[in-house]
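Below is one structure, written out as structure tokens; comments come after it.
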Amino acid sequence: MPKRSRQNKANLLLLKVFAFAIVFVVLMAGLYYRHQINVQQIQQQELLKQRAMQSRQNFVKVIAPIAQAEDKPYGILPSVTIAQACLESNYGQSDLAKKYNNLFGVKGTDPNTSQVMTTQEFVNGHWETIHGRFQIYDSYQASIHAHTMLFVNGTSWNSKQYQHVLAAKDYRSQAKALEIDGYATDPGYANKVVSIIEQYNLTQYDN
């Protein structure tokens, strides 16, 4: 084989090796970059979770003593009220809670003390978006007080509306009584309340 031909083949092989090396380096750099992006995304998601958890815990700390003061004299468990407020106001982040201190989605009729808002309600087996007039409160304390009095005094058409809630002695039965007595339209309401109570150890506020 002529010397020039062998040299050309050697150069071609060297060029192929060099090209492969470049492709390999670019591929590894791309994989490393994607890995770093994934790591950053995971870290950001974890940070957001931690901030959300801290925000929720702070909300609980704010309303817990209010629920204790309002509920205990009537035998209502603060843990249930706290969990309801967390669930219905998205831990104080709903528009109703942030703008009007309405933690429980309480409806209103007087235009001077209520505001029209959009919400979701479970009607005839499915969720519907409705426009309703909701009560305005000047503080969380006023909202929780009204919530307590609703159970104590019942509704305008039935003073015994929440008799099972008042008679219940533990958080599970009291949460279930909310459904029995027609408080919520959501068929999974009681389970959601119980889940929040257990997740955040809210029974500590019942003692």
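Of the listed requirements (1) modelled with pLDDT of 95 or more; (2) in contact with a Leu (Cβ under 8 Å, 6 or more places away or on another chain), MET117 misses just one: (1).
Which residues, taken from segment 40-76, are part of a loop (DSSP other than H, G, I, E, B) and at pLDDT below 95? Quick ask: steps written out before the conclusion?
Kept after step one, since they are part of a loop (DSSP other than H, G, I, E, B), are these residues of segment 40-76: 75-76.
The answer is GLY75, and nothing else.
With respect to the conditions (1) in contact with a Leu (Cβ under 9 Å, 6 or more places away or on another chain); (2) not in a helix (DSSP H, G or I), SER79 lacks only one, and its number is (2).
Checked against the criterion of being among the β-branched types (Val, Ile, Thr), surrounded by fewer than 17 Cβ atoms within 10 Å (Cβ to Cβ) and without any contact (Cβ under 8 Å) to a residue 12 or more places away in the chain, segment 151-169 has at least one qualifying residue. Looking at segment 123-133, can you tell me whether even one residue there is of a type in the set (A, V, I, L, M) and either in contact with a helix residue (DSSP H, G or I) (Cβ under 6 Å, 6 or more places away or on another chain) or free of Cβ contacts under 8 Å to residues at least 12 places away in the same chain (or both)? Checking segment 123-133: not a single residue is of a type in the set (A, V, I, L, M) and either in contact with a helix residue (DSSP H, G or I) (Cβ under 6 Å, 6 or more places away or on another chain) or free of Cβ contacts under 8 Å to residues at least 12 places away in the same chain (or both).
Yes/no matrix, rows are residues, columns are (1) modelled with pLDDT under 95; (2) more than 22 Å from the chain's Cα centre (by Cα); (3) over 27 Å from HIS126 (Cβ atoms):
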site: SER156; (1), (2), (3): yes, yes, yes
site: SER159; (1), (2), (3): no, yes, yes
site: GLN163; (1), (2), (3): no, yes, yes
site: TYR171; (1), (2), (3): no, no, yes
site: LYS176; (1), (2), (3): no, no, no
site: ALA184; (1), (2), (3): yes, no, no
site: LYS192; (1), (2), (3): no, no, no
site: ASN201; (1), (2), (3): no, no, yes
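Hey, can you tell me all the residues within segment 156-191 that are assigned to a helix (DSSP H, G or I) and touching a Ser or Thr at 6+ places or on another chain (Cβ under 7 Å)? The answer is TYR171, and nothing else.
With the requirement that a residue be more than 12 Å from SER143 (Cβ to Cβ) and free of Cβ contacts under 8 Å to residues at least 24 places away in the same chain, what does segment 66-92 give you? It would help to see each step written out before you state the result.
Applying the first criterion (more than 12 Å from SER143 (Cβ to Cβ)) to segment 66-92 yields 68-69, 71-80, 82-83, 86-87, 90-91.
If the condition is that a residue be more than 12 Å from SER143 (Cβ to Cβ) and free of Cβ contacts under 8 Å to residues at least 24 places away in the same chain, then ALA69, LYS72, PRO73, ASN90 are the ones that fit.
Residues in segment 157-173 that are in contact with a Gly (Cβ under 9 Å, 6 or more places away or on another chain) and closer than 25 Å to SER195 by Cα: GLN161, TYR162, GLN163, LEU166, ALA167, ALA168, LYS169.
I'm checking my understanding of the structure. Among residues of segment 96-121 that are in a strand (DSSP E or B) and in contact with a Phe, Trp or Tyr (Cβ under 9 Å, 6 or more places away or on another chain), which one is surrounded by the fewest Cβ atoms within 10 Å (Cβ to Cβ)?
Taking segment 96-121 first, the residues in a strand (DSSP E or B) are 107, 114-121.
Those still in the list that are in contact with a Phe, Trp or Tyr (Cβ under 9 Å, 6 or more places away or on another chain) too: 107, 114-117, 119-121.
Details: LYS107: 12, SER114: 18, GLN115: 16, VAL116: 10, MET117: 18, THR119: 16, GLN120: 12, GLU121: 13.
For segment 96-121, the residue satisfying everything is VAL116.
For segment 82-94, the candidate set comprises residues that are in contact with a helix residue (DSSP H, G or I) (Cβ under 8 Å, 6 or more places away or on another chain) and part of a helix (DSSP H, G or I); within that set, the residue that is farthest from GLU121 (Cα to Cα) is ILE82.
When ILE196 is tested against (1) more than 16 Å from ALA85 (Cα to Cα); (2) surrounded by 17 or more Cβ atoms within 10 Å (Cβ to Cβ); (3) not hydroxyl-bearing (Ser, Thr, Tyr), exactly one condition is not met: (1). Could you give every pair whose Cβ atoms fall below 7 Å, whose first residue belongs to segment 170-185 and is surrounded by fewer than 16 Cβ atoms within 10 Å (Cβ to Cβ), and whose second residue is at pLDDT below 95, counting only separations of at least 6 or pairs across chains? Note: pairs meeting the criteria are THR185/GLU121; THR185/PHE122; THR185/VAL123.
The values are calculated or read from the model by the stated rules, or taken from the named source; none is laboratory data. Every value quoted in this text rests on a predicted model; they were computed, and no experiment measured them. Cβ: placed from backbone, ideal geometry, glycine included. Neighbour counts: every protein chain shown.
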